[in-house]
Each structure stands twice: as structure tokens, then as C-alpha cells.
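Below is one structure, written out as C-alpha cells; the observations come after it.
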Amino acid sequence: MTLRIYRLPAGPIETNAYLVVDTVSGDAMLVDTPPEVAPIAAHAAEEAGASVQYIVITHGHWDHIIGAAATKAMWDVPIVGHELVRDRLADPALSARSPYPMEPVVLDLAVTEGDELTIGGHTFTIMHMPGHDPAHITLYSEVDGVMLGGDVLFRDGHGRTDLPGSDQAVMNTTLKRFLTLPTETRVLPGHGDETTVGRESRWIVQIP
Ligand SMILES: [Zn+2]
């Protein structure tokens, strides 16, 4: 295994950021930027001897984006996300539900379904998975058997669908896509412990 993934919970609602490191090249990406994540991520990257190449934003909710400006200031690497997250990164007023002030950041690289991000020898395919947030992307590596899943699929459940921009019917369609992935695929969510596609498939198959 030349891929190491460090879970870095941060902020008031324990949002998981992940530092994804190719241990051969040292190349890495940070997935999601909760409040106060910058010093935690800096420490993890230093410990791992990692050189961060990308900051990836899974979706536009405040607890995943507040730390974007601070991490960008630290590493000056491209901020990557879906085009639909651009406005919320650029205009803090659109994150009105946030208990924190937000510094605006620029979406440097817009990605969507089928695009790829490579970290050293590991390639992640972008999946556009709306339902919780129209801008939601996940990063999937079939070879490594892992998905960075944000707030789509959790252990024993899925992301909220009662928020502005969320939609249960769209979420149901998104969730059924997991049934096409290998059951042993690890899913690393934006909150809480990791799970597998097989574990969650037991209830996903029952969605009408
Ligand atoms: Zn969310």
C-alpha cells in the first residue's frame, strides 16, 4: 500500500478533513477544509513528509469550506471543486448559516463527473453526487478501493436533505450509484467513522 489517508476532524461539528498521501512520491491532497483545520493539516503533512498539491472541496456547506482560505494561504495550491461551489467560495454572504465569518477564496479548478485527479501513483475519479448539495463531488479510486465521500454516505445513513439546495429524490438516485461499486469499497465520510459500500448497501437496496 502506497496510499495513506489521515482523518483530520476539525471545527465545532467534527467535520472530517482527509490528508491523502502517496507515500512513494510524497504527493498529497487535502480533502475538505473545516474551521481550524489549517494547523492540524500542516502538522499532519509535515509528519507524513507530504507535499500537498491540491485542496479539494467536496461541497459548499460552511463546515467544509471555512478553512479554505487559511489552507490556501499556507500552501498556495489549486482549490478544486464543482463549478456550482464557486459562488459560495467567492461570496461569504452566501454562507449565511455559518457561525463563522468566511474569507473568500477562488475556485481554481472546476471538476465534474468523470474528471480525474492524480496524486503520485494514485488516480481518483470525480463523481458528481448531488442530493445533499447540488455541488457535491466525491473522489473514487477503484484500484485503491476507497472513496472520499463528503456528506453523501455515512455509516448507517446519508447526508441531510432538508437544507437549501438539497433534494431527497436526487439523493436517492445518487445513493443507488453505490450499488454499482465493489462491496469492499471503503467510504470515508465528512462526519464520523468510515464505512463500506457493502455495509450500507443493506439499506440502500430498499430505497424505492
Ligand atoms: Zn454538508
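Here, each number is a calculation from the coordinates, and none is a lab measurement. Source: prediction; values computed, not measured. As a convention, Cβ positions derive from the backbone with ideal geometry for all residues, glycine included, and neighbour counts pool all protein chains shown.
Annotations for the structure displayed:
- Values of log10 I(q)/I(0), in the order q = 0.14, 0.15, 0.19 Å⁻¹, for the range 18-135 under a Debye, Cα-only, solvent-free model: -0.54, -0.63, -0.99
- When the chain is described by a simple charge dipole with +1 on each Lys and Arg Cβ and -1 on each Asp and Glu Cβ, the residue from 73, 102, 206 located farthest towards its positive end is 206.
- Charge sum, other residues only, whose C-beta stays under 15 Å from residue 12's C-beta, Lys/Arg counted +1 and Asp/Glu -1: -3
- In a fully extended conformation the segment linking residue 180 and residue 168 would gain 2.3 nm over its present Cα-Cα distance, using 0.36 nm per residue.
- Exposure proxy ranking for 19, 8, based on other Cβ atoms within 10 angstrom of each Cβ and starting from the fewest, stands as 8, 19.
- Taking every C-alpha pair closer than 8 Å and separated by at least 6 residues, the mean separation divided by the residue count of the range 3-204 gives a relative contact order of 15 percent.
- Taking the Kirkwood radius as Rh and the Cα radius of gyration as Rg, the chain has a ratio of Rg/Rh equal to 0.94.
- In this label model, residue 191 and residue 113 are separated by 2.7 nm, measuring between points 7 Å along each Cα→Cβ vector.
- Simple spin-label estimate for residue 125 and residue 14 in nanometres, 7 Å along Cα-Cβ: 3.3 nm
- Other residues within the sphere of radius under 11 Å centred on the Cβ of residue 148, judged by their own Cβ, net out at -1 (K and R +1, D and E -1).
- Over the residues of the chain, the helix contribution to mean residue ellipticity at 222 nm works out to -6000 deg cm²/dmol, using -39500 (n - 2.57) for each DSSP H run of at least 4.
- Proximal charge balance of residue 195 [Cβ under 10 Å; K/R count +1, D/E count -1]: -1
- The range 42-133: trypsin sites (Lys or Arg not before Pro) in DSSP coil with no more than 13 other Cβ atoms inside 10 Å: 97
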